[in-house]
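Chemist: Could you have a look at this structure, given as structure tokens, before my questions?
The values are calculated or read from the model by the stated rules, or taken from the named source; none is laboratory data. Values in this document were obtained by computation on a predicted structure and should not be read as measured data. Glycine also receives a Cβ, built like all others from the backbone with ideal geometry; neighbour counts cover every protein chain displayed. Note: areas computed on protein heavy atoms with side chains; ligands, DNA, RNA excluded. Shrake-Rupley method; radii C 1.70, N 1.55, O 1.52, S 1.80 Å.
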Amino acid sequence: MDKKRIEEMIDLAIRQMDFSYVPYSHFRVGAALLAKNGKLYTGCNIENAAFTPTNCAERTAFFKAVSEGVKEFDAICVVGGKDGFLTGYAYPCGVCRQVMMEFCDPDTFQIIVAKSKDEYKIYTLKEAFPEGFGPADLA
Ligand code: THU
């Protein structure tokens, strides 16, 4: 991926953490999802007093895009940390990886986890979620 594009996605994901609604965990997560049409969809985590309705930043971004008719994606950038401090990488949870599996090609979809604009790692959905169950299994 183009370095400028990666930096743009990291910047956007970091800014999304300002919108995280995290009164329980105080763990802020931001995401920037790149659609194949070139558009970027953002997401933050949104918690709930009943806990289970909590929505992760990644799924917020996916559901915003899909709800607008966009279903093809190239990459997602995820950042997160306690009180918004990026002391480590914030890896997508299993549920979010499953949602990625629904809309993304595991061989090519890139997951970017970042600590800053200069510190990031990239891996494919297949690396993050090997032997995943997806739409092809029901075809
Ligand atoms: N969280 C995300 O937003 N994305 C993930 O992939 C992992 C976890 C959120 C959910 C919850 O608001 C907080 O991080 C602590 O689990």
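Chemist: Can you name every residue in region 117-139 that is surrounded by 11 or more Cβ atoms within 10 Å (Cβ to Cβ) and of a type outside the set (A, V, I, L, M, F, W, C)?
Modeler: Initially, region 117-139 is screened for residues surrounded by 11 or more Cβ atoms within 10 Å (Cβ to Cβ), giving 117, 119-129, 132-134.
Within region 117-139, LYS117, GLU119, TYR120, LYS121, TYR123, THR124, LYS126, GLU127, GLY132, GLY134 qualify.
Chemist: Now for a separate question. Any residue that is hydroxyl-bearing (Ser, Thr, Tyr) and in contact (Cβ under 8 Å) with a residue 12 or more places away in the chain - is there at least one of those in region 93-115?
Modeler: Within region 93-115, one or more residues are hydroxyl-bearing (Ser, Thr, Tyr) and in contact (Cβ under 8 Å) with a residue 12 or more places away in the chain.
Quick grid of which residues meet (1) more than 8 Å from the ligand (Cβ to nearest atom); (2) not in a helix (DSSP H, G or I):
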site	(1), (2)
MET1	yes, yes
ARG5	yes, no
ALA31	no, yes
ASN37	yes, yes
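Chemist: On to the next question. Of the residues PHE19, PHE63, which single one is within 19 Å of PHE109 (Cα to Cα) and out of contact with any helix residue (DSSP H, G or I) (no Cβ under 6 Å at 6 or more places or on another chain)?
Modeler: PHE63
Chemist: Okay, moving on. Looking only at region 73-97, count how many residues are in a helix (DSSP H, G or I) and open to solvent by 70 Å² or more (accessible area, probe 1.4 Å).
Modeler: 1
Chemist: Tell me the residue from GLU68, GLU47 that is within 8 Å of the ligand (Cβ to nearest atom) and among the charged types (D, E, K, R), please.
Modeler: GLU47
Chemist: Something else about it: Checking GLY38 against (1) open to solvent by 60 Å² or more (accessible area, probe 1.4 Å); (2) under 22 Å from LYS4 (Cα atoms): exactly one of these is not met. Which one?
Modeler: (1)
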